Amino acid sequence: MTPATRQEVLGLYRKVLQIAKNWQSASGQIEDTMREKEYIRNEARTLFRKNKNVTDPKLIKQCIEECEARIEIGLHYNIPYPRPIHLPPMGLAHKQGRTLRHQEKLRKISKPIYLKSHDEIS
């Protein structure tokens with residue numbers, strides 16, 4: 001990892017922790033706010049630790065883009081949790097009947113960037 005990339009990643013980590021520190025839940029209740037703050041901190045800690053040994057520049061760039069997307073979506077909707085996508089079970093299948101393996105590949109490709117690491121953790 002280059003020093004510039006390292007600084008960018010550390011800056012993102014600090015930004016996420018700062019967001020968690022100042023977070024207010026949409027409901028305005030203290031219990032919800034505390035739960036959401038803890039979720040943001042735990043999610044950041046888990047993902048950054050999981051990816052600390054990544055050395056491929058393309059994968060690092062992808063992780064940075066995912067982090068930035070999750071920050072923007074979380075701040076915009078005031079929801080710290082990843083927004084789910086709703087695809088019908090066989091909604092991407094071609095009319096002539098594709099195999100299940102191809103169906104799973106299409107689902108993986110269609111997953112938004114902000115959900116790439118979510119299923120791997122939860």
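The values are calculated or read from the model by the stated rules, or taken from the named source; none is laboratory data. Every value quoted in this text rests on a predicted model; they were computed, and no experiment measured them. Heads up, the Cβs are rebuilt from the backbone with ideal geometry, glycines too, and the neighbour counts pull from every protein chain shown.
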Counting only residues that are loosely packed, with under 13 Cβ neighbours inside 10 Å, at negative phi and at pLDDT below 85, give me the helices (runs of 4 or more DSSP H) lying completely in the stretch 6-122 with at least 1 of them. 100-110, 118-121
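For every residue, the table says whether it meets (1) in contact with a Leu (Cβ under 7 Å, 6 or more places away or on another chain); (2) without any contact (Cβ under 8 Å) to a residue 24 or more places away in the chain; (3) closer than 21 Å to Ser117 by Cα; (4) among the β-branched types (Val, Ile, Thr).
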| position | (1), (2), (3), (4) |
| --- | --- |
| Glu31 | no, yes, no, no |
| Ala44 | yes, no, yes, no |
| Leu47 | no, no, yes, no |
| Tyr77 | no, yes, yes, no |
